[in-house]
Amino acid sequence: MIGIGSDHGGFALKEKVKGFLSGLGYECRDVGCDSTDSCDYPDLGEAVGKCVGSGECEYGIVICTTGIGISISANKVKGVRAALCGSVDMAIMTRRHNDANVLAMGAKYTDENLAQKIVQAFLETDFDGAVAGGERHKIRVDKIIAIEDRNFK
């Protein structure tokens with residue numbers, strides 16, 4: 001299950017991404033928003049973050065105009081490692097090296113075609129921490145988790 005959410009600035013792209021995911025056979029839990037009416041990205045970033053942080057969803061996708069505010073909001077939820085990706089390479093690298101579990105995109109900078117490529121790369125790339133030579137990435141992600149554990153009371 002993939003949690004997905006956007007504010008009004010990301011609504012159109014979110015709807016296109018949902019259709020793309022459905023075509024690939026993924027099930028989505030859409031937490032909103034439901035139109036281009038103005039709404040607040042922190043609410044939607046947190047909602048997707050909670051889906052991922054609780055384990056209800058394996059991955060999340062958040063979209064706002066720039067991708068910045070909604071990714072910051074998602075990252076405030078324990079267990080979330082949200083990464084703003086504007087290229088396929090960024091999506092691959094954040095999965096391989098950071099074990100990111102929430103993908104953030106900016107609708108202003110990401111057209112439908114690029115978004116599809118980024119989403120597919122994110123979902124199809126494994127974390128390198130479990131393979132020979134990838135131990136350094138696991139150590140680093142474990143340090144991120146330790147920071148989170150110290151600061152989320």
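Any read-out appearing in this document is the output of simple, stated calculations on the displayed coordinates, not a laboratory observation. On a predicted model such as this, the values are computed, not experimentally measured, just so you know. Note that we place each Cβ from the backbone using ideal geometry, even for glycine, and neighbour counts take in every protein chain shown.
A few remarks follow.
- Rounded tilt (10° steps) of 135-151 against the dominant C-alpha axis of the chain: 70
- For the chain, a Gaussian network of Cα nodes joined below 10 Å ranks A121, A74, A82 by mean-square fluctuation, and the top entry is A121.
- By the helix-only formula, in which each DSSP H run with n ≥ 4 contributes -39500 (n - 2.57) and the sum is divided by residues, the chain has a 222 nm mean residue ellipticity of -15000 deg cm²/dmol.
- Label assignment, Cα Rg over 2.2 N^0.38 Å derived from the structure, set [x] 0.98; [y] 1.39; [z] 1.45: [x]
- Straightening the chain between E56 and D34 buys 5.8 nm, computed as 0.36 nm per residue apart minus the Cα-Cα spacing.
- Dipole magnitude of the chain about its Cα centre (Cβ charges: Lys, Arg +1; Asp, Glu -1), debye to nearest 20: 520
- Crossing angle, helix 41-53 versus the chain [Cα axis fit, 0-90 degrees, rounded to tens]: 50
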